[in-house]
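Notes follow the structure.
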Amino acid sequence: MFKRVREEVGCVFERDPAARTTFDVLTTYPGVHAVLLHRLCHRLWKARWRWLARALSTFSRWLTGVEIHPAATIGRRFFIDHGMGVVIGETAEIGDDCTLYHGVTLGGTSWKKGKRHPTLGDDVVVGAGAKVLGPITVGDGARVGSNAVVVQDVPAGATVVGVPGHVVRRQSAEHEQRRHAIAEKIGFDAYGTAQNMPDPVANAVNCMLDHIHVLDTRIETMCAALKALGADVKDVKLPAVAVCEIEPPSAATMDGSEQPPEDDFQEN
């Protein structure tokens, strides 16, 4: 028992840089309180002391703001950071070394009995406000972004973001370097905000850069072939992309009328 408590406290120091002492963790961390109380509730539930288990879990919810059904199966070194608003359903299964942040819901999508809550593998991290719904499986080492809504299985090691949740696939380093080289060649910086963001506009820009790379390679190959045949092909430098500056609004409004100067606005 004491070994399990040491594990629960030790994982806090590994994942929360704000943790200072063991006494602080044991007395001021609601996520730790919720997990320790759930261990007791789960034992009572398995021993068929169902009402007592539910009553104790209700007290735990009142004390910590975390609602965990006594029947939920939770692995070792489970950490709930901040804790408030976390809901874990009856048939949820959580592996070892998982981390949940505040506002996370491991919920169901059906009123039928049976398996209706998600299964989390080992070393899964679920960001603040995320909803993982239904009898789905989140693979080992997966990451669920904040406020994502996940309703389909997540492969091991994947990162899921968005509503509905979708897997973000990171390109290889060689692909990223080639894309960056094309952007520099045409005088365009697509990486100010788009390099690591799963944004639809950024994705469209990156697709255009990949398309330009293919066209540029084909044109260079054609020019080299024409030069080999004796054709006079001049090397034309690409024009630089001008910086777009937004001018301040003029005195004219959208309908063409003139706005009166500020001096005309006087208090009566």
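Annotations
- Applying the criteria of a DSSP loop state and at most 12 other Cβ atoms within 10 Å to the trypsin sites (Lys or Arg not before Pro) of the range 63-114 yields 112, 113.
- Residue by residue, the range 41-56 carries 3J(HN,Hα) couplings of 4, 5, 5, 4, 5, 5, 7, 6, 8, 5, 5, 5, 5, 5, 5, 5 Hz when phi is fed to the Karplus relation 6.51 cos²θ - 1.76 cosθ + 1.60 (θ = phi - 60°); x denotes Gly or Pro.
- When Rg and the Kirkwood Rh are both derived from Cα coordinates, the Rg/Rh ratio for the range 2-168 amounts to 0.96.
- Taking a straight line from the alpha carbon of residue 234, these lysines sit under 24 Å away, with near neighbours fewer than eight places off in the same chain left out: 185.
- Highest mean packing comes first when the peptides 57-67, 133-143, 20-30 are listed by Cβ atoms within 10 Å, giving 133-143, 57-67, 20-30.
- Ranked by how many other beta carbons lie within 10 Å on average, peptides 148-158, 45-55 from highest: 148-158, 45-55
- Among 212, 74, 94, 88, the ranking by other beta carbons within 10 Å of each residue's beta carbon, starting with the fewest, stands as 212, 74, 94, 88.
- Reported to the nearest whole Å, the Cα centre-to-centre distance from the range 141-164 to the range 71-121 is 14.
- The amide H of residue 165, built 1.01 Å from its N in the peptide plane, has 149, 150, 151 as neighbours under 5 Å, considering only residues 5 or more places off or on other chains.
- Over 29 Å between alpha carbons, listed pairs 3/115; 3/113; 3/131; 46/115: 3/115; 3/113; 3/131
- Here's how it looks for residue 74: its modeled amide H is under 5 Å from those of 94, which are all 5 or more places away or on a different chain.
Here, each number is a calculation from the coordinates, and none is a lab measurement. Not measured: the values here are computed from a predicted model. With ideal geometry, Cβ positions are generated from the backbone for all residues, glycine too; neighbour counts draw on all protein chains shown.
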